[in-house]
1. Looking at 124, 152, 115, can you tell me which residue is on the phi < 0 side of the Ramachandran plot, modelled with pLDDT of 95 or more and away from ligand 2 (no atom under 16 Å from the Cβ)?
2. Name the single residue that is nearest to ligand 2 (Cβ to nearest atom) among those in the stretch 1-32 being without any contact (Cβ under 8 Å) to a residue 40 or more places away in the chain and surrounded by fewer than 21 Cβ atoms within 10 Å (Cβ to Cβ).
3. Return the residues of the stretch 233-273 that are within 15 Å of ligand 1 (Cβ to nearest atom) and more than 20 Å from residue 149 (Cβ to Cβ); say none if nothing qualifies.
4. Looking at the stretch 201-220, can you tell me whether even one residue there is modelled with pLDDT under 95 and more than 16 Å from ligand 1 (Cβ to nearest atom)?
5. Please go through (1) under 23 Å from residue 92 (Cβ atoms); (2) touching a residue at least 40 places away in the same chain (Cβ under 8 Å); (3) out of contact with any helix residue (DSSP H, G or I) (no Cβ under 6 Å at 6 or more places or on another chain) for residue 276 and return the number of the only condition it doesn't satisfy.
6. Kindly evaluate residue 323 against the criterion of being at pLDDT 95 or above and either under 16 Å from residue 65 (Cα atoms) or assigned to a helix (DSSP H, G or I) (or both).
7. Would you check which residues across the stretch 271-283 are within 19 Å of residue 64 (Cβ to Cβ) and buried (at least 21 other Cβ atoms within 10 Å of the Cβ) and list them?
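The values are calculated or read from the model by the stated rules, or taken from the named source; none is laboratory data. Computed from a prediction, not measured in an experiment: that's the story for all the values here. Counting neighbours? That spans all protein chains shown, and the Cβs are built from the backbone with ideal geometry, glycine included.
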Ligand code: NAD
Ligand code: ISE
């Protein structure tokens, strides 16, 4: 499968190296970026051509499928161009930053008549989350009542602003909890404790997201993106008869000098390395099989409706309804 990749920044480069090195059944044929030097460096590293721009990459007859790894606001136009060209597209999260753009993608894909879009919600491919899903689906803890989650990054750059904890960061929990619980969210509220003094004054950090599902389960997500000490992802589901908790990645426990300790991962590339591999391998396998799989445009859209509501909730302090239309039959499993 010859892949064209748009956006050769941090994750674009990671995806290009994965697709050309570790993923079987795929090669990177062309890359493109608004920064031509970045594009040239990544093209050289993976033996691909540089396309002059995203439109030309999508139109390139050699490119059979596209990976979109540009920044969020550019995703909508690039995904719509892939659908217009009839090419499968893997789009990094968020599918779109604005819900209205997600709706345009849903309409275009349905008009095309066949699923083409997969969204890069890689947590669904993490072994720990998959084990939780298996426990829940087997009824291992009874009906889920609550979930307690934490999403902590050691730090974020100055450009990271106060909407990003919802739009870029909690969007992972929003997707993975929709998937684990098998239902949509109905309302969202954001409460904020005192902000950390360890980072830029413009940033509201931490933020706590309080979600309610359609059936009345409650989910709380602490988003703390300058926690200093590590990359720490926590998730516990409380059911009627038990609880199930996401394991930390395996690490050796060292007993020495009067202490017992194990190291914590420091970044998401390490924490989710295996999940990224599995995600891209399963996408390529699905392309070869001609069968749609993985998080769909509906999943991307539904998550953005929630993040947009969360941004409004933080700004207003209100409990905001999640205004999600009925899921079209086209997107039912
Ligand atoms: P980045 O800033 O390092 O890279 C973005 C790249 O896109 C840059 O090279 C930029 O020049 C390029 N670009 C911007 N607009 C473009 C356009 N219109 N056409 C072509 N190229 C364009 O950012 P990043 O960290 O690599 O993030 C990229 C995307 O991946 C974001 O949507 C982000 O949310 C997502 N991401 C996902 C994960 C994950 O855990 N799944 C992790 C990090 C980033
Ligand atoms: C980043 O874009 C990601 O997707 C990471 O998984 C997340 O931990 C981080 O907060 C985001 O900025």
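1. Being on the phi < 0 side of the Ramachandran plot, modelled with pLDDT of 95 or more and away from ligand 2 (no atom under 16 Å from the Cβ) holds for just one of 124, 152, 115, which is 115.
2. 10
3. Of everything in the stretch 233-273, those that are within 15 Å of ligand 1 (Cβ to nearest atom) and more than 20 Å from residue 149 (Cβ to Cβ) turn out to be 269, 273.
4. So far as the stretch 201-220 goes, yes, one or more of its residues are modelled with pLDDT under 95 and more than 16 Å from ligand 1 (Cβ to nearest atom).
5. With respect to (1) under 23 Å from residue 92 (Cβ atoms); (2) touching a residue at least 40 places away in the same chain (Cβ under 8 Å); (3) out of contact with any helix residue (DSSP H, G or I) (no Cβ under 6 Å at 6 or more places or on another chain), residue 276 is out only on (3).
6. no
7. Selection gives 279, 280, 283.
Yes or no, residue by residue, for (1) at positive phi; (2) within 11 Å of ligand 1 (Cβ to nearest atom):
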site: 141; (1), (2): no, no
site: 144; (1), (2): no, no
site: 168; (1), (2): no, yes
site: 173; (1), (2): no, no
site: 178; (1), (2): no, no
site: 182; (1), (2): yes, no
site: 185; (1), (2): no, no
site: 188; (1), (2): no, no
